[in-house]
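A short reminder: the numbers here are calculations on the coordinates, not readings from a lab. In this text the structure is predicted, and so the values were computed from the model without any measurement. Please note: Cβ atoms are built from the backbone with ideal geometry, for glycine as well, and neighbour counts cover all protein chains shown.
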Amino acid sequence: MRKQTLDQLVASGEKIAMLTCYDATFAKVCAAAGVDMLLVGDSLGMVLQGAENTLQVTMQDMIYHTRCVAAGAPETLIMTDMPFGSYEHDKEDACRNAQALLDAGADIVKIEGGGLVETTRYLAERGIPVCAHLGFTPQSVQQLGGYKIQGKTEESARKITQDAIDMSAAGACMILFEMMPAALAGHITETIKTPTIGIGAGVDCSGQVLVIQDLLGIYTGVAGKNPADYKAPRFARNFLAGSDSIQQAIADYVQAVKKKTFPAAEHSY
Ligand code: KIV
């Protein structure tokens, strides 16, 4: 079977079910469960490497895990995060690093923040599909003062809206919204032509993404800290609870996204 393109996926009119993935075995299971897109997220810094945040993840890490996922799911669309420090300083550097991720098996690269219009345009003009990650951007966790919902004030909502419009006009093929009011994400999704993916951004995005460990209820916080002190984020739902198998839990997530029963109001802001 040939890999479905993002345009074909969007044209199907169905909600897009995306999940993070970091290895070949899970990639195979996700593909068999009907996941539309896999995100090789730099969340691997936390869920695989046990760090506090994503800032220490390297290009080598992302290349390695993209190769693993592409080997396991060669027919599934793959998006890979550009790690902190690999795209912000110089657009030619960004282009070289993005190309290395495509060479490893990614179809789309994801960059964080709204101030990267020129970089997005530069990559898009050279045929590199770019997703812009807006709202809460984990690589800026220190500047944002922690894991905080974005877009709650009028000024912040206006900025996210303008960033989405600008990144879309610069050629971003997808916009990912993290931890922001559902009404705002829904409004921007209606306003721009570019498909949107939400995580803690309500049901009205074009699709949803979750970190696979959150979906399976197996992430209990940073290595070395007491798991009892860890509280899963509001937007996470444990689909493994009450399910027969990991593949069934993932398939249930896919169906819940398609039927718009996930995320519910209790998972949204
Ligand atoms: O790295 C990641 O897993 C992500 C998701 C939180 C969207 O960027």
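At 7 Å along the Cα-to-beta-carbon direction for both D229 and E14, put a label point, then send me their distance in nm to one decimal.
Simple spin-label model gives 4.3 nm for this pair.
State, as an integer percentage, the relative contact order of the chain based on alpha-carbon contacts under 8 Å between residues 6 or more apart.
Working: 550 pairs, mean separation 49.5, N = 269.
For the chain, the relative contact order is 18 percent.
For M179, which sequence-distant residues (separation of 5 or more, or a different chain) have an amide H within less than 5 Å of its own amide H, given hydrogens modelled in the peptide plane?
The answer is F136, I199, G200, A201.
Reachable aspartates and glutamates from K159, Cα under 15 Å, same-chain residues fewer than 8 places away excluded?
Leaving aside aspartates and glutamates fewer than 8 places away in the same chain, those within reach of K159 are E112, E178.
Give me, ordered by chain and number, the residues 5 or more places off V40 or on other chains with an amide H under 5 Å from its own placed amide H.
Close amide H contacts, sequence-distant or interchain: C21, M79, T80, D81.
Using a Debye calculation, one point per C-alpha and no hydration shell, please list log10 I(q)/I(0) for region 49-172 at q = 0.15, 0.17, 0.21 Å⁻¹ in order.
Relative scattering, expressed as log10 I(q)/I(0), comes to -0.72, -0.90, -1.24.
Of K15, K259, K148, which has the largest mean-square fluctuation in a 10 Å C-alpha GNM of the chain?
K259
List H65, H267 from most exposed to least, where exposure is judged by having the fewest other Cβ atoms within 10 Å.
Numbers: H65 25, H267 21.
Sorted ascending by nearby Cβ count, the order is H267, H65.
How many nm separate the modelled label positions at A183 and Y64, each set 7 Å beyond the Cα in the direction of the Cβ?
4.6 nm
Using θ = phi - 60° and the Karplus curve 6.51 cos²θ - 1.76 cosθ + 1.60, what whole-Hz ³J(HN,Hα) does each residue of region 130-139 get, with Gly and Pro shown as x?
Once rounded to whole Hz, the list reads 10, 9, 9, 9, 10, x, 6, 10, x, 5.
Build a GNM of the chain with springs between Cα atoms under 10 Å: which of M59, M79, M18 gets the top mean-square fluctuation?
Looking only at M59, M79, M18, the biggest GNM fluctuation is shown by M59.
Counting only other residues whose beta carbon sits under 11 Å from that of E14, what net charge do I get with K and R as +1, D and E as -1? List each step's numbers first, then the result.
Numbers: positive: K15, K258, K259, K260; negative: D36.
The answer is +3.
Any aspartates and glutamates with Cα under 13 Å of the K225 Cα? List them, leaving off those in the same chain fewer than 8 positions away.
Candidates past the 8-residue exclusion: E52.
With a Förster radius of 35 Å, plug the Cβ-Cβ distance of A241 and R96 into 1/(1 + (r/R0)^6) and report the FRET value to the nearest 0.05. Please list the in-between numbers first.
Working: r = 44 Å, r/R0 = 1.25.
For R0 = 35 Å, the calculated efficiency reads 0.20.
For the chain, what is the mean residue ellipticity at 222 nm derived from helices alone (per DSSP H run of n ≥ 4: -39500 (n - 2.57); sum divided by total residues; nearest 500 deg cm²/dmol)?
On the way: 10 runs with 99 residues, N = 269.
Taken over the chain, the calculation gives -11000 deg cm²/dmol.
What residues qualify as long-range amide H neighbours of H133, i.e. H under 5 Å apart, gap of 5 or more or another chain, H built at 1.01 Å from N?
So H133 has HN proximity to I111, E112, G113, L176.
Quick one: go through region 25-59 and flag any residue whose amide nitrogen is under 19 Å from the point 7 Å out along the Cα-to-Cβ line of D103.
Flagged as within label range: 58-59.
Run the paramagnetic zone check for K148: 7 angstrom along Cα to Cβ, then residues of region 76-116 with backbone nitrogen under 16 Å.
none
On average, how much area does the Cα convex hull of the chain cover when viewed from any direction, in nm²?
Working: hull surface 53.1 nm².
For the chain, averaging the hull's shadow over all directions gives 13.3 nm².
At a Förster radius of 41 Å, what calculated FRET efficiency corresponds to the Cβ-Cβ distance of Q248 and L55, to the nearest 0.05? Don't skip to the answer; put the middle values down first.
On the way: r = 35 Å, r/R0 = 0.85.
So the FRET efficiency works out to roughly 0.70.
Have a look at I160, T25, M79 and report the one farthest towards the positive end of the charge dipole of the chain, computed about the Cα centre with Cβ charges (Lys/Arg +1, Asp/Glu -1).
It is T25, whose Cα lies furthest towards the positive end.
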